[in-house]
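Asks: Can you read through this structure? Questions will come right after.
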Amino acid sequence: MTKVLIRSLLLTLLIFPIVGCTKETKNRTKVFTMGFNPPENSDVVQTNGDALAKLLEKRTGYKFKTFIATDYTALIEALRSQKIDFAWLPPFSYVQAERLANAVVLLKSVRHGTPYYFSAIVVKADSPYKTIEDLRGETIAWVDPSSSSGHIFPKAGLIESGINPDTFFSKQVYAGSHDALLLSILNGTTKAGATFANDAEGTGGAWTQLLKGDDQKKIRPIYITKPIPGDTLSTSISFQKENPEVVQKVTDALVSFKDDADGQAVLKNLYRIDYLTTATAADYEPVRVAARLLKVDLP
């Protein structure tokens, strides 16, 4: 009887580690990768992305590392090839990623109390330009072909109002980033440029957030677009299906940052986000409409 009991106990000890090693336990030994888009200085994004990863580790128990993409296209490709598990995608890049990488949106950014923002076409404050019509025959800078506020929405707005940017402007260039675009206007390389704005009145935006001192007053908006849905935290459908508990805990943790001083600071430093709220694919239909106006081929 004693031998039978001992044998049963040994079998239990041998089996227990196998039974007890749940998928959740395995997930805690993995390192999940979060990809970030580089709207400004990549070193700054790296620092803030690392800070977010560390705070998420404390809140969820999972380990994270950061991936800083060279551009929006590289970020989408990283999600498609499963190099990253989560991606901070701006609106148009998310819409592209839906088709190219089977992306699914989880959260959207809230700034200044609203889950959307705007685009502004801006000029140098002491220039004679007061309206878009005044820019006929002049040069304009866009941020990036895939930038919602720096290209897609403002150009779509012009087309909707009957202006063909290809013939209206004498030259169109891509600055590569919002801060570079502002500098191109300040130094006279271009007469105007499109960048993000915080509100429909144009009281603040890239020029008040990325420029310092008196330079903030040297930029003036002359055109504001329709609202743009906030940029996203997304993942892929396959990752969500395979790791539902990871996705849920990460989502819950990020939403809870709204009531967490450390979380608020991290989001503010990262992309000037006040807090995050849940999002659906339907929220981004205005972006798809703008893309169709530009005849952008969504794969």
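The values are calculated or read from the model by the stated rules, or taken from the named source; none is laboratory data. These numbers come from a predicted model, not from an experiment. With ideal geometry, Cβ positions are generated from the backbone for all residues, glycine too; neighbour counts draw on all protein chains shown.
Asks: Looking at the structure I just gave you, is S177 buried (at least 19 other Cβ atoms within 10 Å of the Cβ), of a type in the set (S, T, N, Q) and assigned by TED's automatic domain parsing to the domain that holds S93?
Replies: Criteria not met by S177.
Asks: Looking at K191, K241, which is the one that is among the basic types (K, R) and in the same structural domain as Q82 (by TED's automatic domain parsing)? Steps first, answer last, please.
Replies: Numbers: K191 fails: in the same structural domain as Q82 (by TED's automatic domain parsing).
Matching residue, one of K191, K241: K241.
Asks: Please give the helices (runs of 4 or more DSSP H) falling wholly within the range 67-162 in which 3 or more residues are surrounded by 20 or more Cβ atoms within 10 Å (Cβ to Cβ) and not hydrophobic (A, V, I, L, M, F, W, C).
Replies: 91-101, 153-160
Asks: Another question, if that's okay. Any residue in the range 135-152 that is on the phi > 0 side of the Ramachandran plot sitting within a Cβ distance under 9 Å of a residue that is at pLDDT 95 or above? List the pairs, counting only those 6 or more apart or interchain.
Replies: Matching pairs, first to second residue: G137/F168; G137/F169; G137/S170.
Asks: Also, quick follow-up: Just to be sure I understand, how many residues within the range 255-288 are over 22 Å from F36 (Cβ atoms) and surrounded by 14 or more Cβ atoms within 10 Å (Cβ to Cβ)?
Replies: Looking only at that region, the number is 2.
Asks: Here's something else I'd like to know. Of (1) over 18 Å from the mean Cα position of the chain (by Cα); (2) at pLDDT below 90, D71 satisfies all except one. Which?
Replies: (1)
Asks: Can you pull out the residues in the range 86-128 that are at negative phi, at pLDDT 95 or above, of a type in the set (S, T, N, Q) and within 17 Å of the chain's Cα centre (by Cα)?
Replies: Within the range 86-128, S109, S119 meet the criteria.
For (1) closer than 21 Å to A53 by Cβ; (2) within 19 Å of the chain's Cα centre (by Cα); (3) part of a helix (DSSP H, G or I); (4) not charged (D, E, K, R), each residue gets a yes or a no:
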residue	(1), (2), (3), (4)
Q216	no, no, yes, yes
L233	yes, yes, no, yes
V246	yes, no, yes, yes
D252	yes, yes, yes, no
V255	yes, yes, yes, yes
